[in-house]
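To start, the structure under review is shown below, and the notes come after it.
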Amino acid sequence: MPLIEVVSSEQTSEFAKQSALVFSGMIGKLPLPVTSTPCFLVNRILMPYLLEAIVLYSEGVPAAFIDKAATDFGMPMGPIELTDKVGLDICLSVADILAQSQQVSSSKTTKIPVILEQMVKDGRVGLKADHGFYRYKNGRPVKTQSNYHGLSLRQVSNRLMFRLFNEAVDCLDEKVVEDADLLDAGIIFGTGFAPFLGGPMHYIKHKGIETMDHTLVDLSKDYGERFKPTIGWEHLMPMGR
């Protein structure tokens, strides 16, 4: 990835921060200034999206169908294949860190799918083991056709992407990054989020903040608290919710 998150806290000197930003540019990377919070920006926004994909898989939605829903939206790779590529053990570790931080600092809770813990325990950690959600041959996933007739591709992509959008708004509200443009740049260059959509915050504003907020409310009624709009949505609305 071309992105480097340059993390600073209240104790970080301005000289140290600027030196890290300059060094990142010198080695050909895009430096993104972020505050010192659990999982920083990219992993924090990506994790709910990946976990929702695993929840969908545990509900019986085929891996290839989940991935197609994401790539049809514009993502460069589906979340199931991405999880395999990153490593299920790494994803579990990041999810654990996020869950522990939320127990201390917020009312949100990250629930880790049981299937993820079991697969890691069984050694099915993804590409590096030649077996995760997919089996791998010569480093490529073996994807089989299925006759799945449950949720539509649109319903699946909504569940995936609105988990991501909700976390993006929360990160902006908590000032993990300075502004929406930096958040969009971070997610485009750090995750490959569809550049032609302008990034999560640009997409939210284009579709309409209230419209997106209402969709989250509807999803929360159908699928639970994890889709409940964060307080950041209210702060985005000129007149509040």
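The values are calculated or read from the model by the stated rules, or taken from the named source; none is laboratory data. Remember, it's a predicted structure, so these values are computed and weren't measured experimentally. Every residue, glycine among them, receives a Cβ derived from its backbone with ideal geometry; neighbour counts consider all protein chains shown.
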Open item on the list: Take the conditions within 22 Å of residue 82 (Cβ to Cβ) and modelled with pLDDT of 95 or more and apply them to residue 176. Does it pass?
Closed with: yes
TODO: Answer yes if at least one residue in the range 82-91 is under 18 Å from residue 166 (Cα atoms), surrounded by 15 or more Cβ atoms within 10 Å (Cβ to Cβ) and under 14 Å from the mean Cα position of the chain (by Cα), and no otherwise.
DONE: no
TODO: Look through the range 48-81, keep the residues that are over 15 Å from the mean Cα position of the chain (by Cα) and more than 17 Å from residue 162 (Cβ to Cβ), and return whichever of them is surrounded by the most Cβ atoms within 10 Å (Cβ to Cβ).
DONE: 63
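Is at least one residue of the range 182-192 of a type in the set (A, V, I, L, M), surrounded by 23 or more Cβ atoms within 10 Å (Cβ to Cβ) and at pLDDT 95 or above?
Yes, some residue in the range 182-192 is of a type in the set (A, V, I, L, M), surrounded by 23 or more Cβ atoms within 10 Å (Cβ to Cβ) and at pLDDT 95 or above.
Mind checking whether some residue in the range 139-146 is within 19 Å of the chain's Cα centre (by Cα) and free of Cβ contacts under 8 Å to residues at least 40 places away in the same chain?
Going through the range 139-146, the residues within 19 Å of the chain's Cα centre (by Cα) turn out to be none.
The answer is no; no qualifying residue exists.
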TODO: Kindly check whether there is at least one residue in the range 189-211 that is of a type in the set (Ser, Thr, Tyr), more than 16 Å from the chain's Cα centre (by Cα), closer than 15 Å to residue 166 by Cβ and in a helix (DSSP H, G or I).
DONE: yes
TODO: Report, by residue number, each residue of the range 110-144 that is of a type in the set (S, T, N, Q) and out of contact with any helix residue (DSSP H, G or I) (no Cβ under 6 Å at 6 or more places or on another chain).
DONE: 118, 138, 144
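Residues are listed down the side, and each one gets a yes or a no for (1) among the basic types (Lys, Arg); (2) assigned to a helix (DSSP H, G or I); (3) outside the structural domain of residue 69 (by TED's automatic domain parsing); (4) at pLDDT below 95:
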| residue | (1), (2), (3), (4) |
| --- | --- |
| 124 | yes, no, no, no |
| 149 | no, no, yes, yes |
| 155 | no, yes, yes, no |
| 159 | yes, yes, yes, no |
| 163 | yes, yes, yes, no |
| 166 | no, yes, yes, no |
Open item on the list: Cβ contacts < 9 Å: first residue assigned by TED's automatic domain parsing to the domain that holds residue 79, restricted to the range 176-200; second residue surrounded by fewer than 23 Cβ atoms within 10 Å (Cβ to Cβ) and among the basic types (Lys, Arg), any location; separation 6+ or different chain. Result?
Closed with: none
Open item on the list: Looking at 157, 146, can you tell me which residue is surrounded by fewer than 19 Cβ atoms within 10 Å (Cβ to Cβ) and among the hydroxyl-bearing types (Ser, Thr, Tyr)?
Closed with: 146
